[in-house]
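First comes the structure, then the notes that go with it.
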Amino acid sequence: MSVSDPLEKASTNSDLRVVLKLWPYVRQHRFRLGLALALLPAITATAVSETYALKQILDLAIVPAVPVVPLHLLLGGFLALLALEAVLRFTHGYLLQSTGQRIVHDLRLSLVSHLERAPMPYFDDNPVGRLLTRATTDLESIGELF
């Protein structure tokens, strides 16, 4: 019989609430995130193909035989696969980083709008340092998520 940790359960519920609150901001950028996710199988396939091409090149170098494909074509294909993988990885990273920054931008705009509408007693009750921390550090932490 396992004993459930109440802190772990509270953390899971808290994480779910945070994800649900962030979902409207993420949903606006779902095409870019979907495109970034769609690049993952292509990156993996390219990396696997590189390994196979390198195996063929090394086999030809170690055991001289009559090659089915000339060595210079194998080397060119290997270099082309390396370049393709680099482009795919760059595009994937760029999409994730730029989308994360866009989500943080939207969150900042929403926060500023919320603070502008807040009544003056709200600022008497909440220390400025805490509000600044929320506006900077917490939003950057959310940006790191993406």
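This table checks each residue for (1) farther than 17 Å from Leu84 by Cβ; (2) not in a helix (DSSP H, G or I).
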| residue | (1), (2) |
| --- | --- |
| Leu16 | yes, no |
| Val26 | yes, no |
| Ala42 | no, no |
| Glu50 | no, no |
| Val69 | yes, yes |
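Within the group Ser113, Ser98, which residue is polar (S, T, N, Q) and within 18 Å of the chain's Cα centre (by Cα)? Steps first, answer last, please.
On the way: Ser113 fails: within 18 Å of the chain's Cα centre (by Cα).
Testing whether each residue is polar (S, T, N, Q) and within 18 Å of the chain's Cα centre (by Cα) leaves just Ser98.
Is at least one residue of the stretch 75-98 open to solvent by 80 Å² or more (accessible area, probe 1.4 Å) and touching a His at 6+ places or on another chain (Cβ under 8 Å)?
no
Quick one: which helices (runs of 4 or more DSSP H) lie wholly within the stretch 73-146 and hold at least 2 residues that are touching a residue at least 40 places away in the same chain (Cβ under 8 Å) and within 27 Å of Pro24 (Cα to Cα)?
It comes to 139-145.
Tell me, please, whether a residue that is farther than 30 Å from Val26 by Cα and modelled with pLDDT of 90 or more can be found in the stretch 54-62.
Taking the stretch 54-62 first, the residues farther than 30 Å from Val26 by Cα are 54-62.
From what is left, the residues that are modelled with pLDDT of 90 or more are 54.
Checking the stretch 54-62: at least one residue is farther than 30 Å from Val26 by Cα and modelled with pLDDT of 90 or more.
Name the residue that is most open to solvent (accessible area, probe 1.4 Å), counting only residues in the stretch 25-56 that are of a type outside the set (A, V, I, L, M, F, W, C) and within 15 Å of Gln101 (Cα to Cα).
Start the filter on the stretch 25-56 by keeping residues that are of a type outside the set (A, V, I, L, M, F, W, C), which leaves 25, 27-30, 32, 34, 41, 44, 46, 49-52, 55-56.
If we keep only those that are within 15 Å of Gln101 (Cα to Cα) too, we end up with 25, 27-30, 32.
Numbers: Tyr25: 51, Arg27: 108, Gln28: 124, His29: 26, Arg30: 150, Arg32: 50 Å².
By that ranking, first place goes to Arg30.
The values are calculated or read from the model by the stated rules, or taken from the named source; none is laboratory data. Note that the structure is a prediction, hence the values are computed from the model and not measured. When we count neighbours, we look across all protein chains shown, and the Cβ atoms used for this are built from the backbone with ideal geometry, even at glycine. To get the accessible areas, we keep the full protein, side chains included, count just its heavy atoms, and leave off ligands, DNA and RNA. Shrake-Rupley method; radii C 1.70, N 1.55, O 1.52, S 1.80 Å.
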